[in-house]
Amino acid sequence: MDVLTQFAEEIVHPFEGAGLDLFARRFRCATSAIAYVQHIFSGAGVSNPEAEEIARIKLANLDTGFLGPAYSEASIVVEYDSDHFELLDPQRLKRYIDPALHRVAKASSKQSR
């Protein structure tokens, strides 16, 4: 169990106390380099602080637009009927990957003109 705890701490540590500004900066950086960025989070569970934080991010973006012009409602999605591991289900992912590939292909064809 100690190994898993250490691993989780190493993943989380760079984000501790980083706040909304770091998330927004990284989102804008990613969308400036990649044609389509989408975050998919699990919303399963009775108490879900992650879903509450995502709602706060979306609301703050409505007020200020801090996520940049590439943001859309599809950029940050919560799957309320799945846990973290169910997000790996190929059929569930296909619902997100197919539209993403379509958008990337469309953006690529615009750039090649």
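What to note about this one:
- Among residues of region 3-16 that are within 27 Å of Phe27 (Cα to Cα) and touching a residue at least 60 places away in the same chain (Cβ under 8 Å), none has a Cβ under 8 angstrom from a residue that is basic (Lys, Arg) and assigned to a helix (DSSP H, G or I) at a sequence gap of 6+ or on a separate chain.
Condition check ((1) modelled with pLDDT of 85 or more; (2) outside any helix (DSSP H, G or I); (3) more than 17 Å from Ala100 (Cα to Cα)) across all residues:
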site: Gly17; (1), (2), (3): no, yes, yes
site: Ile57; (1), (2), (3): yes, no, yes
site: Gly68; (1), (2), (3): yes, yes, yes
site: Tyr71; (1), (2), (3): yes, yes, no
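- Taking the criterion of being under 18 Å from the mean Cα position of the chain (by Cα) and either hydrophobic (A, V, I, L, M, F, W, C) or over 23 Å from Ala55 (Cα atoms) (or both), the residues of region 2-22 that qualify are Ile11, Val12, Phe15, Ala18, Leu20, Leu22.
- Extreme residue, farthest from the chain's Cα centre (by Cα), among residues of region 73-105 that are in a helix (DSSP H, G or I) and of a type in the set (Val, Ile, Thr): Val104
- Residues in region 80-104 that are exposed (fewer than 11 other Cβ atoms within 10 Å of the Cβ) and hydrophobic (A, V, I, L, M, F, W, C): Phe85, Leu88.
- Qualifying positions in region 64-79 - surrounded by 12 or more Cβ atoms within 10 Å (Cβ to Cβ) and touching a Ser or Thr at 6+ places or on another chain (Cβ under 9 Å): Leu67, Gly68, Ala70, Tyr71, Ser75, Val78, Glu79
The values are calculated or read from the model by the stated rules, or taken from the named source; none is laboratory data. Everything numeric here is computed off the predicted structure, so don't read it as measured data. Please note: Cβ atoms are built from the backbone with ideal geometry, for glycine as well, and neighbour counts cover all protein chains shown.
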